[in-house]
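The values are calculated or read from the model by the stated rules, or taken from the named source; none is laboratory data. Only a predicted model underlies this, so the values are computations on that prediction, with no experimental measurement involved. Using ideal geometry, Cβ is built from the backbone for each residue, glycine included, and neighbour counts are taken over all protein chains shown. Remember, those area values only see protein heavy atoms, side chains included, never the ligands or the DNA or RNA. Shrake-Rupley method; radii C 1.70, N 1.55, O 1.52, S 1.80 Å.
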Amino acid sequence: MKATLAVLNELERQGIVHRYAIGGAMAAMFYVEPTVTYDMHIFVVLPTSSGLLTLTPIYDALRQRGYEPEGECIVIEGVPVQFLPAYNPLVEEALEQARLVDVEGVATRVLPLEHLIAMAAQTGRLKDRARVQLLMDEGSVNTVRLADICGRHGLSVPSQEETP
Amino acid sequence: MTELPAAMQEALAAKQRRRRALAALPYADKLRILLRLQQVRDAIGETRGATARAWPIDVTTLFPSGMASLQEDAPAPPPDLVPPEPPREGTPPTDCHSHA
């Protein structure tokens, strides 16, 4: 994990990505109880030259370091990592406001709690809705901030319910 | 809605307390739990022929600095790598470059 994050920091330092942050279940784990997951979602701001968003430079750089793709992920130091470009204004804002955290001495970024909730609500699959509920129930949510984010991005503010 | 019996309410409240205690753990400890959850799920999956997917790393690989989160006398991380208190509203993010 530490080695995986160090590789991601190196990609950013070299300008292969402009900025990255941990999202998905691995990010949710910063705020709530751990739940099982097998991959790490990394949201990235990519350098754009032609207006096209492509992950090819990331994959090329990682292949040169000996890391191989596996399905939709690329395995970095034992951890399957899925790169996801910032695909809409909500995700761009989440990346911009990502929190700096320390994982075993390695600095990294994680998407803010309220943005994670908004992004899960926006995606709206069953597992995303379950994550919204978990984050709302356990995650010490700043409801004013969440309402502001949802309002600006045209989303309904998720309600807080007790879950067994 | 029908009110639950007191014993059931207490059981649910205890479950909630457990969840909140787990949520409050350091991230490194949560990663240890995640690895164990992956192994448990794999063990179940293998009984019906599913491929194992747990990360091929163990606790010592996860915490090569000597399982710092498990040792009281473990060295603290360098001060410039310690993030500030969890930022709330209006706190600007700090750039990762200067810390990585």
key: Chains A and B, summed buried accessible surface - 1.4 Å probe, Å², nearest 100   = 3900
Relative contact order of chain A, pairs being alpha-carbon contacts under 8 Å that are 6 or more residues apart, as % = 22
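In percent, how large is the relative contact order of the range A:2-72, given Cα pairs closer than 8 Å and 6 or more residues apart?
Relative contact order comes out at 30 percent.
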request  = Please give every one of the lysines within straight-line cross-link reach of B:Lys30, meaning a C-alpha to C-alpha distance under 18 Å, and leave out same-chain neighbours fewer than 8 residues apart.
outcome  = A:Lys2, B:Lys15
query = How high is the relative contact order of the range A:102-158, given as a whole-number percent (alpha carbon pairs under 8 Å, six or more residues apart)?
reply = 36
remark   = A student asked for the Cα radius of gyration and Dmax of chain A in angstrom ought to give 15.9, 50
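Using only atoms on other chains, find how many Cβ atoms lie within 10 Å of each Cβ of peptide B:24-31 and report the average.
5
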